[in-house]
Every structure is written in structure tokens, then in C-alpha cells.
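Novice: Okay, handing you the structure first.
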Amino acid sequence: MGMRQEERRLAAVLALDVVGYSRLMAADEVGTLAQIKTHRKELIDPKAEEHHGRTVKLMGDGALMEFASVVDAVNFAAEVQRAMAGRNAAVPEDRRVVYRIGINLGDVMVDGDDIFGDGVNIAARLETLAAPGGVSVSQTVVNHVAGKVPWGFEDLGTCEVKNIPKPVHVFRLRLEGPVAGPIAAQRGGRRRVVAALVVAAAAAVIAGLWLRPWEVLRQPAVEPAMIENMAMPLPDRPSIAVLPFANISDDPAQAYFADGITEDLITDLSKVSGLFVIARNSVFAYKGRPVKIREVAEELGVRYVLEGSVRRAGDQVRINAQLIDATTGGHLWAERYDGALGDVFGLQDEVARQIVGMLAVQLTQGEEARLVQVETQSSDAYDAFLQGWQQYQQQTPDGLKAAVGHFQRAIELDPDYARARAAIAATYWQVFRRFWHAEFGYRSVHGARAEAEKLLLRAQRQPTALGHQVATAMLSLQGRHTEALAEGGKAIGIDPNDADSYVALAGALSLAGNPDQALKLIGKAMRLNPHYPPYYLYELGLAEFGAGNYAAAVEALEQAAERNPQDRWSGRLLIAAYGHLGRMQDAERLLQIFSRNPRGYDPLTVRAVAYWYPYKEAVDRERLAAGLIAANVPD
């Protein structure tokens, strides 16, 4: 007897889901269920009957529906979402039931009243790509409803989605209408979103680990930021600040892990030239502080803010994240990502790609490749690196000592871990720059420099932005200006949003005789990193000094010295700037501080300072020497 042939048909499939269902249920289970039942009875079911649709099955917080006509499916979705906006107007934001809808027209397999197949799966994936309160549809839907519905569509490009072999071309149904014409294109033309916008499946379960629910991000009402109150104008591209993710692990000592996840997300997003990403230093200024999204957006001058939490238990990790449009106070997207520690890079990649997709940013081929690069396959090496990086960020002798141990451990676990090798080279470079050589057992500061140079040679076998930054500074100090400028350009090429790369290149430009270009790059770095560290001010002072703007140089260098009294570099240059301005009392005060010399530095002389400032152009060397001589610094 032959097998019964399976039944197939073409169907308009609609997937509907409640946004933040777990959060709503945790806050008010009875009230949430009552709202959902009311919406089904008074809105969804009557609209489905009106548009000749049927509910295939309910799935707790969502539904799978089928329509005989894709025109009916689109009209149903638009009318439901517009009606829900009105229903929610009087409901507190943290109690609102908001739906996402995805629609696809495709072939389905029929089993009784149920339907299966790619036609259904694509609709479900489209639903996850829809914004809260929005509708996403496939290219096939747009083709069939063109000229037949009063709604417009916005082209979001092609997306690779889980378990679907071919990319799906996604469109957003425009609900601001009705809009005349089949497609209302977004200004700027079609944008291609090459991203795998998926939610990670839960990894293997350790006995007893998942017996209690994990915390889910709460979505409180957000007060909109006022564009006119922003400290700096909004950039001409999507701008985002990633707030430090909260550590909600049982062990407070896991804070370094949450910080590492935050920094890596910043790094991943920074690789995308179509985004403007605030630097690590500036966002970490908000760590541990109860801040409002509005305040963050206005102080940093950004439109979007990402916040979240990380929980780690054994080798299991949960990442919660939500993306907020600060100018409207609206939550664009919120998701939870579960996986094993060994999959943490994949989880980070999913979060980054989800953000890129939500903001409709086009990735270049090179950016797409860099976004999927994994620095190490060893989760233990990654963990050791994060512990070292937390110590490195303290920028103290003890912190750097501890960092070296962790970085060395990371390299032992993965000898090809380029970022760890670059970090240990950067550590010894800081020892050299800050004259902390004695704490590390070196008789002179040059021993630390030699160690940094040796370590960097190995790190440069695999390019990293950090490695190129260190190389830029090293080569500049060696007077190899052309090579230094090339290294600075490579650092920016790897990470076009890394403020430190712009500062590194600015320093090289100042020493190479191009202070005007250096000033532009420092301005860009300070915009990317509004809460910049003191050495940015030193580089600003160096550029202003090179441009002959001595008053501006003094202003920057005094701030640098005030924020970091141990900054010998700013102090030496400040004396020369005082000399040019004839501020002899201020110069004498600094000279007395240098003469006390508690750390055994070389005596301050014109020749010694000129050695540390290897200018390419003679006019720059002469300008420095003239300022020092005017300030009565001995030859």
C-alpha cells in the first residue's frame, strides 16, 4: 500500500506575539491575562472574522493564524495594531499589552486543523523582527498586495534567519497612513541588513541550575529626552550608548564578567561605520549609579540607549537586553539570551546583530566579516582576559601588576589570543609612559619600553585596534613618523568608533608636524567619549602647542595635570607653554615640583625634554626648546 500524499496549500500565515509577556505576568498575572482575553474577545477574534481569518492555535502569549487572502491578513494586522495603540493610550506603559506581528505568504503542509512548514516558520521569524506594536512582512506579501491595500511599506533589506536556508527580504508595514501607493520607501533608499536576527536557544541544562526563574528585564516608563537639551548635537547617523550591564549573578565577584560583556558589545558595535557608538570610558561613568535614560541621552548626545543585565551560574549564562529610543521613551526591542559559557561569543554576536538590524544599518562586507570574528575559542582564556582587563582599567601600579598575571594566563590557555597579547604589551607601555618601572623590577624606564616592544612584535601577528594603537605611540616616540601614521590609520580601520584610536593617531600627527589635523581627530574622539580620560587633554594640549595656540594649550594641560597630578608629560609641556606666555611664576612653581623628584627621574633639562618629544620638523623642536628656555629650564 502506498503512503498517503501529504496535503499542501498556499496560505497567508500570520504570527502574533505579546511583547514582554514574562515581565507582564510577573508584575500582574491576573490583570495581564484579563487584558489578553479582552483583546481577543473584543478585537482580535472579531477582526479575524471580518477579514476571513482563523486562529490555527494559541500559544500562551501568542497565536498562529491563517487567512485565505494575504490582503485580508495585512488589513487585519494594520487594523489590530492601530486599534491597540488607541486601547493602550490610557494604560500605564509598564502594564500595556503590546503585540508584534509577522506575515508571510507561502506553501504550508496541512495536518487536520494545524499547518506546518517554511511558510509558517518564516512568519514566526518575521514576528520576532517586528518592532513592538509593529508588523513585519516578507517580499512575497508586498508583491501580492501592491496597489490593493492602503498601507505603505518600508524596505528593511534581507535578513538571514534561523533554520531558513535562504535570506528573507523584510519589509515594515507603515501604520502611520493610510499611505497611497504600494511601497513608501525610506529616505536614503533600500538598506540591506545582513544579520542573523535570532534568539539563542537554551543550552544544556545542569541539574538544578534552572529550577528558579531568572530575572527578566523590566521595561519601566521612560521620560523622553529633549533634543534641544542635549549637550552635543545628534550625529548624522544612528547614535547609541551601551550602559554597563548589571551583574545579577549570585556572586558579586562576577561583576568583571558583566563589564566584559558590556565592553565587547561596545567593541562589536564600534566596528560598524554606520553607527555612532559612545566609548567605554563615558558609559562606565554611570556604573552603579541610578540614572535616567533621558539624562544619559542628553549628557552624551545620543538617540538610542541599550541597557541590560548578565547572570552567570556555573557554565550557564543569561543576557537580558533592551534597546530604547530616548527621544520618544519607547522600547524598540527587548530580548533574553540563554546559553553555555562556551557560546558567550555567539550570544554577544546575536545582541549586536539585533541592534544593527533594529536600527536598519547597512553593513559593508568587511564589517560583516569582522562582526562574526571570534577572538578566542577558549572560554577560560576569555574569562582570564576579562579579569585582567578589569585590573588594567584601574591604571594603577598594583592594577597593572595584577593585569599582567591574568593576561599571561589567557595566553597560556590560547597562545593565539591576539587581544590578550596586545593588552599585555599595552600594560608594559603604560608602565613605561608613567615611569612605574621600579614597581615592575626595572632599573630604568627603558627596560619597560623594551619589554613592551618585544611583546607587541608577537601581538602584531594578528591585528587588533589596541595593538595598532600601541604601535602608533611606540613608532612616534622612535621618530618613525610615516610608520606611526600608518598604524594609526589601521587602528581606525579596524574600529571606526574607537575614540582611543583617533587620539593615538592625533598624537602621531602632532609629532609629525600636522597639529591642525590632530585637533580635528581629538575633537572627534572627545565627541565619541564625552567623559574622556586625562590623557586626551594632554594630546589636545600637545596639538594646540604645536599650532602655536599657547593659551589653549595651557588650558588643556592644566586640566590634564589637575585630573592626574602624576602626569609628568603634561607638566613638562605646560612649563614650555608658560614660558611662551611669560607666566614665570607658574613655570617656577612647576619647576620646583619637578625638582623634588621623589621617584628618581632624570633631572629636568631642555635636552631631556627634547629627547622625549621626537618631533619630525625642526621648527617644532625649536618651539619646544624656546618655551623651556624662556621658563628658565637649564640646558
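Novice: How many nm is it between the label spots at Ala285 and Asp236, if each spot is 7 Å from the Cα in line with the beta carbon?
Specialist: In this crude label model, Ala285 to Asp236 measures out at 2.6 nm.
Novice: Working from Cα positions, state the angle (0 to 90°, nearest 10) between the long axis of helix 550-563 and the longest principal axis of the chain.
Specialist: The two axes meet at around 70 degrees.
Novice: Among Leu24, Tyr535, Gln81, which residue has its Cα furthest toward the positive end of the charge dipole of the chain, with +1 on Lys/Arg Cβ and -1 on Asp/Glu Cβ?
Specialist: Tyr535
Novice: Taking the range 372-520, how much of its Cα-Cα pair set, in percent, is spaced more than 27 angstrom apart?
Specialist: Within the range 372-520, distances greater than 27 Å cover 21 percent of Cα pairs.
Novice: Moving on. Given C-alpha coordinates of the range 521-590, what is the ratio Rg to Rh with the Kirkwood estimate of Rh?
Specialist: 0.98
Novice: Report the one residue of Gly546, Gly513, Met584 whose Cα lies farthest in the direction of the positive end of the charge dipole of the range 506-587 (charges on C-beta: Lys and Arg +1, Asp and Glu -1; origin at the Cα centre).
Specialist: The residue sitting farthest along the positive end of the dipole is Gly513.
Novice: Give me log10 I(q)/I(0) at q = 0.13, 0.16, 0.17 Å⁻¹ for the range 32-170, Debye formula, one equal scatterer per alpha-carbon, no solvent.
Specialist: These q points yield log10 I(q)/I(0) values of -0.56, -0.87, -0.98.
Novice: What is the spin-label model distance, in nm, from Arg9 to Asp250 if the labels are put 7 Å beyond Cα along the C-beta direction?
Specialist: The two pseudo-label positions are separated by 5.3 nm.
Novice: Rolling a 1.4 Å sphere over the protein heavy atoms, what is the accessible area per residue of the chain, to the nearest Å²?
Specialist: 43 Å²
Novice: For the range 1-112, what is the per residue volume of the convex hull drawn over the alpha-carbon atoms, in cubic angstrom?
Specialist: Roughly 114 Å³ of hull volume per residue.
Novice: Can I ask one more? Out of every Cα-Cα pair in the range 411-456, what percent are more than 12 Å apart?
Specialist: Result: 57 percent of Cα pairs exceed 12 Å.
Novice: Mind pulling the per residue volume of the convex hull built on the Cα atoms of the range 546-635? Å³ is fine.
Specialist: 88 Å³
Novice: Calculate the all-directions average of the projected area of the range 387-428's alpha-carbon convex hull, and give it in nm².
Specialist: Working: hull surface 9.6 nm².
Its average projected convex-hull area is 2.4 nm².
Novice: Could you compute how fast the range 481-563 diffuses translationally, taking Rh as the Kirkwood radius over C-alpha pairs and applying Stokes-Einstein at 4 °C with viscosity 1.567 mPa s? Give it in µm² per second.
Specialist: Stokes-Einstein gives a translational diffusion coefficient of 104 µm²/s.
Novice: Could you size up the charge dipole of the chain around its Cα centre, putting +1 on the beta carbon of Lys and Arg and -1 on that of Asp and Glu, and report it in debye to the nearest 20?
Specialist: The dipole magnitude comes to about 820 debye.
Novice: Hey, another quick one. Go through Asp61, Asp111 and list them by solvent-accessible area, largest first, probe radius 1.4 Å.
Specialist: Asp111, Asp61
Novice: What FRET efficiency comes out for the pair Val110/Gln139, r = Cβ-Cβ distance, R0 = 25 Å, nearest 0.05?
Specialist: The value I calculate is 0.55.
Novice: Once you have the Cα-Cα distance between Ser22 and Glu295, take 0.36 nm times their residue separation minus that, and quote the gain in nm to one decimal.
Specialist: Gain in length upon complete extension: 95.5 nm.
Novice: According to a simple spin-label model (label point 7 Å from Cα along Cα-to-Cβ), what is the distance in nm between Gln566 and Ala146?
Specialist: 6.7 nm
Novice: Moving to a separate point now. Angle between the Cα long axis of helix 618-630 and the longest principal axis of the chain, 0 to 90 degrees, nearest 10?
Specialist: That works out to roughly 60 degrees.
Novice: If you find the alpha carbon centre of the range 419-451 and of the range 1-79, how far apart are they in angstrom?
Specialist: Centre-to-centre distance over Cα atoms comes out at 63 Å.
Novice: Further question on the same structure: Just to confirm a number: summing +1 for Lys and Arg and -1 for Asp and Glu over residues other than Leu43 whose beta-carbon lies under 15 angstrom from that of Leu43, what do you get?
Specialist: Neighbour charge sum, excluding Leu43 itself: +2.
Novice: Could you list the square roots of 5 times each eigenvalue of the Cα gyration tensor of the range 254-326, that is, the equivalent ellipsoid semi-axes, sorted largest first and rounded to whole Å?
Specialist: After scaling each eigenvalue by five and taking roots: 22, 15, 11 Å.
Novice: Turning to a different aspect of this structure: Between Ala610 and Gln393, what FRET efficiency follows from the Cβ-Cβ distance if R0 is 30 Å, with the result rounded to 0.05?
Specialist: 0.35
Novice: Label point 7 Å out from Gln408 along Cα-to-Cβ: which residues of the range 423-450 have amide N under 19 Å?
Specialist: Under 19 Å, as judged by backbone N against the label point of Gln408, lie 423-432, 436-444, 447-450 of the range 423-450.
Novice: If R₀ is 56 angstrom, what is the calculated FRET efficiency for the pair Arg458 and Ala90, using the beta carbon separation as r and rounding to 0.05?
Specialist: 0.30
Novice: Also, I was wondering about something else. Lys/Arg Cβ at +1, Asp/Glu Cβ at -1, dipole of the chain taken about the Cα centre: which of Ala561, Leu332, His51 is farthest positive-ward?
Specialist: Ala561
Novice: At a 1.4 Å probe radius, which order do Ser570, Ser444 fall into by accessible area, largest first?
Specialist: I get Ser444, Ser570, largest accessible area first.
Novice: As a test of understanding, state the convex hull volume per residue of the range 87-151 from its alpha carbons, in Å³.
Specialist: 132 Å³
Novice: What part of the accessible area of the chain, given as a whole %, is carbon or sulfur when the probe is 1.4 angstrom? Before the final figure, lay out the partial values.
Specialist: Numbers: 13980 of 27240 Å².
Its accessible area is 51 percent carbon and sulfur atoms.
Novice: Under a point-charge model restricted to the Cβ atoms of Lys and Arg (+1) and Asp and Glu (-1), what is the dipole moment magnitude of the range 437-557 relative to its Cα centre, in debye to the nearest 20?
Specialist: 320 debye
Novice: Run the reach check for Lys37 against lysines, Cα to Cα strictly under 21 Å, same-chain hits fewer than 8 apart removed. What comes back?
Specialist: By straight Cα distance, Lys37 reaches Lys47, Lys57.
Novice: With angles folded into 0 to 90 degrees, how steeply does helix 29-39 sit against the dominant principal axis of the chain? Use alpha carbons for both and round to 10.
Specialist: Approximately 60 degrees, to the nearest 10.
Novice: Give the value in nm², to one decimal: projected area of the alpha carbon convex hull of the chain, averaged over all directions. Let's see the in-between values first.
Specialist: Values: hull surface 133.6 nm².
With every direction weighted equally, the projected area is 33.4 nm².
Novice: Under the rule of -39500 (n - 2.57) per DSSP H run of 4 or more residues, summed and divided by the residues of the chain, what mean residue ellipticity at 222 nm is obtained, to the nearest 500 deg cm²/dmol?
Specialist: One gets -15000 deg cm²/dmol as the mean residue ellipticity at 222 nm.
Novice: Another question, if that's okay. Can you tell me what share of the DSSP beta bridges in the chain is antiparallel? A percent to the nearest 5 is fine.
Specialist: Values: 56 of 67 bridges.
So the antiparallel bridges in the chain amount to around 85 percent.
Novice: Largest first, please: the extent of the C-alpha atoms of the range 439-519 along each principal axis, to the nearest Å.
Specialist: Principal-axis extents of the range 439-519 (Cα, largest first): 39, 28, 21 Å.
The values are calculated or read from the model by the stated rules, or taken from the named source; none is laboratory data. Model, not experiment: these values are computed from the prediction. Every residue, glycine as well, gets a Cβ built from its backbone with ideal geometry; the counts of neighbours run over all protein chains shown. Note: accessible area is taken over every heavy atom of the protein model, side chains too, but ligands, DNA and RNA are not part of it. Shrake-Rupley method; radii C 1.70, N 1.55, O 1.52, S 1.80 Å.
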